[in-house]
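Structure record follows, encoded as structure tokens.
None of the figures in this text is laboratory data; all of them are computed from the coordinates on show. Only a predicted model underlies this, so the values are computations on that prediction, with no experimental measurement involved. Note that we place each Cβ from the backbone using ideal geometry, even for glycine, and neighbour counts take in every protein chain shown.
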Amino acid sequence: MIGRMVVAGCALACMATSAPAQEGPPAYLDNRSDAASLIRSYYNAIGRKEYARAWGYYGEKKPSSSLEAFAKGFADTESVAVVTGAASEEGAAGSVFYSVPVAITAYGKDGSEKVYSGCYTARLSNPQIQAAVFTPMSIETGSLRASDTSMEASLPEKCGDGPAPSADDAALADARRIFVAAHAGNCPAIGADGTTDEPEQHRIAYRYKSDDPNEQEQEVRLFRFNCSSSAYNESHVYYLYQREGGVRELQFAEPELDIRYEREDSDEKVESIGIIGYTTSAELVNSFYDDASRTITSAAKWRGIADASSSGLWMFREGQFTLVKYDVDASYNGEIDPETVLDFHTGP
């Protein structure tokens, strides 16, 4: 799992191989959801010359005697590009330690370019046993040395003595860890010890409309985790892994409905259903992904006999899932007769 970003003059995942041409600071990035993103956020702060933020990514072991001394170390640095490899992890005494291969190019204010490579170690204390003041993932140590090759060629294959983790294993581990950290309090499927069922996995190859049709397709991985189950509904949480952006939790757009019944004392006959806005949700009910149509479908039963329900269809387009169809059956009349309230679906 390799991610690259230029942290000054170019947005996340810019693939320029020379010094950044665009002037101005990079887009703000502050992401501690995985160890590689933490390191990229650290260098994003340096590229934006936000040294207090960069200093804050370290835990108790600071890299310098003071913030002032730390900032002076970058006095001659104009911008930084960074590439990260697949992180390995190891648990110890209530914490997880991550080792991240890193290579950077430091662009000096005098026009110079210097390449360095090495490893960073990040630490996350078990969120389930932390006290009232939460301590997020932070950098423990970092060690870089000068390199006489390109940044990409200088990236270490691994950190430590163990085998290098595969990108597949690292992506799955990141997705599972983020899922547990975000949903341990609301997903009963997560065990007290942080264990989860094996997620359902899919690979999706695609191109952006602007891509050259002769170029190799891009690929993402989709993970579906079980969250909860009841007598007639079960919920799932989805994560998407992209090479440049890492793992992120999917949020699904859903319409906010204004449902009106013909009689105030009865919900058997619907007078009208209107959309008054949109919300997002990380959980989908009774959902599944279909490889053939590249769609995720959900079907939530409002009660056991399923005469009242809602269902949505989200289609994968250019790297993300978009809501294209939504049906609602709001009448508790013993019959299944849904009404389509939104339909942008033009596929089969």
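Annotations
- One decimal place: the segment residue 233-residue 218 gains 2.0 nm when fully extended, by the rule 0.36 nm per residue minus the C-alpha distance.
- Gain in span if fully extended, residue 186 to residue 134, counting 0.36 nm per residue against the direct Cα distance: 16.9 nm
- Rounded Å value of the spacing that divides the Cα centres of the stretch 271-285 and the stretch 23-96: 39
- Only one item in (i) 1.07; (ii) 0.97; (iii) 1.05 matches Rg/Rh (Cα atoms, Kirkwood Rh) derived from the coordinates shown, and that item is (iii).
- Residue pairs, from the table 49/109; 72/114; 269/301; 49/72; 109/158; 72/109, whose Cα atoms sit over 21 Å apart: 109/158
- Take every Cα pair under 8 Å whose residues are at least 6 apart in sequence, average their separation, divide by the length of the chain, and the relative contact order is 10 percent.
- Normalised contact order of the stretch 169-282, rounded percent, pairs of Cα under 8 Å and 6 or more residues apart: 18
- At most 12 other Cβ within 10 Å, DSSP loop - chymotrypsin sites (Phe, Trp or Tyr not before Pro), the stretch 102-139: 134
- Computed from Cα atoms, the angle from the helix 35-47 axis to the main principal axis of the chain rounds to 60 degrees.
- Put simply, when 99-106, 269-276, 290-297, 314-321 are sorted by average Cβ atoms within 10 angstrom per residue, most first, you get 99-106, 314-321, 290-297, 269-276.
- Of interest is the spacing of the C-alpha centroids, which for the stretch 291-348 and the stretch 195-235 amounts to 18 Å.
- Helix-derived mean residue ellipticity, 222 nm - over the chain, DSSP H n ≥ 4, -39500 (n - 2.57), to 500: -4000 deg cm²/dmol
- Charge sum, other residues only, whose C-beta stays under 14 Å from residue 334's C-beta, Lys/Arg counted +1 and Asp/Glu -1: -3
- Net charge, residue 291 excluded, C-beta distance under 14 Å - Lys, Arg +1, Asp, Glu -1: +1
- For the pair residue 263 and residue 49, the difference between a 0.36 nm per residue extended length and the Cα-Cα distance amounts to 70.8 nm.
- Relative contact order %, the stretch 199-348, counting alpha carbon pairs below 8 Å whose residues are six or more apart: 17
- Residue exposure sequence - 169, 193 - by fewest surrounding Cβ within 10 Å: 193, 169
- Nearest-0.05 FRET efficiency for residue 30 and residue 340, computed from C-beta distance (R0 41 Å): 0.55
- Two-site FRET efficiency, residue 288 against residue 153, from Cβ-Cβ distance with R₀ of 45 Å, rounded to 0.05: 0.60
- Highest average packing first - 256-262, 79-85, Cβ atoms within 10 Å: 79-85, 256-262
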